[in-house]
């Protein structure tokens, strides 16, 4: 095995400097350890897709049988105005999701519409306080996507 990985990956992480040490390991050096770079990248992308899809499958299982009246009432109880962008984003995700892949595509589309810092803060609060537990997985996916685009 190439020596560049041993110190960086085997040493414990205790300080911010330890993280910087890990970042110094270049992706090309890691990929270079594998015989077939293209196959490595395909496998890596496949693993990432599976992880995202698994999250979307959990989220879809959680929301697939939701009653729209219950959702409207819960949004009203939390205090989302009927015209709020955030409420519309969540409603479109729920409405457009006919399966895990569609849900993930909808989350990806709708995350781009959450740009207001106040809405981002509301999303983080919903995730932390679990006010919408009936759609916690959707909130988690949306939060991850919004945080990754910022």
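Values computed for the structure shown
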item	result
Value of Rg/Rh across the stretch 107-150 [Cα atoms, Kirkwood radius]	0.93
Overall form of the stretch 59-111 per C-alpha gyration tensor (a/c, 1.5; a/b vs b/c)	oblate
For 144, 128, order by how many other beta-carbon atoms lie within 10 Å, fewest first	128, 144
Residue 124-residue 66 FRET efficiency (beta carbon distance; Förster radius 25 Å; 0.05 resolution)	0.65
Relative contact order, percent, the stretch 37-149 [alpha-carbon distance under 8 Å, six or more residues apart]	33
Percent of C-alpha pairs per 5 Å bin, the stretch 37-149, short to long	2, 12, 22, 24, 19, 10, 5, 3, 2, 1, 0
Full-extension gain in nm, residue 102 to residue 76, via 0.36 nm per residue minus C-alpha separation	6.8 nm
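Every number in this text was worked out from the coordinates using simple rules, so none of it is lab data. Computed from a predicted structure; not experimentally measured. Cβ: placed from backbone, ideal geometry, glycine included. Neighbour counts: every protein chain shown.
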